[in-house]
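Peer 1: Structure below; questions to follow.
Read the figures in this text as sums done on the coordinates, not as results from a lab. For clarity, every value in this text was computed on a predicted model and none was experimentally measured. Note that we place each Cβ from the backbone using ideal geometry, even for glycine, and neighbour counts take in every protein chain shown.
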Amino acid sequence: MYVSLCDFFIVIAPPATHDDLQLGISTHLGEGWCRAELLARLVGAGFHGTFFCESCDGALQQVTRETVLGIDLNVFFGAFRCCSLRHVECSLCDREKLR
């Protein structure tokens, strides 16, 4: 994945509303592909250069061991858009693509 080539990895997920849904870092980290990207980064580079930006002011929070211990990184239990769309117009589930 591209994350192995990056010096820095920043998840930008400030609070936002979309169609009456409240979005932010927790919804971002609930997505299967987002979990895969973060996990690839942590396995490849560790915590160094890995940040979360959860506010509109641009403040960065260094990802630490303690941060990661509070995150569910199980990729296959994350949400995938193809599943929420009931696999209409896609030949293969994203979970299968990741295997």
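Peer 1: Based on the Cβ-Cβ distance of residue 61 and residue 98, what FRET efficiency does E = 1/(1 + (r/R0)^6) give at R0 = 22 Å, to the nearest 0.05?
Peer 2: Result of the calculation: an efficiency of 0.25.
Peer 1: Quick one, which of (1) 115; (2) 128; (3) 154 is the actual volume of the Cα convex hull per residue in Å³ calculated for this model?
Peer 2: Given (1) 115; (2) 128; (3) 154, the structure-derived one carries the label (1).
Peer 1: Could you list 17, 67, 27 in order of exposure, starting from the residue whose Cβ has the fewest other Cβ atoms within 10 Å?
Peer 2: Least to most surrounded, the residues fall as 17, 67, 27.
Peer 1: Here's a follow-up. Cα axis of helix 32-45 to longest principal axis of the chain: angle in degrees, 0 to 90, nearest 10?
Peer 2: With both axes taken from Cα atoms, the answer is about 40 degrees.
Peer 1: Further, regarding this structure: In which sequence would 69, 85 go, from the one with the fewest C-beta neighbours within 10 Å to the one with the most?
Peer 2: Least to most surrounded, the residues fall as 69, 85.
Peer 1: Follow-up. As a footprinting exposure proxy, order 18, 48, 28 by other Cβ within 10 Å, with the fewest listed first.
Peer 2: Fewest to most other Cβ atoms nearby, the residues stand as 18, 48, 28.
Peer 1: Mean-square fluctuation check for the chain, GNM, Cα pairs under 10 Å: which of 34, 82, 53 is largest?
Peer 2: The residue that fluctuates most here is 82.
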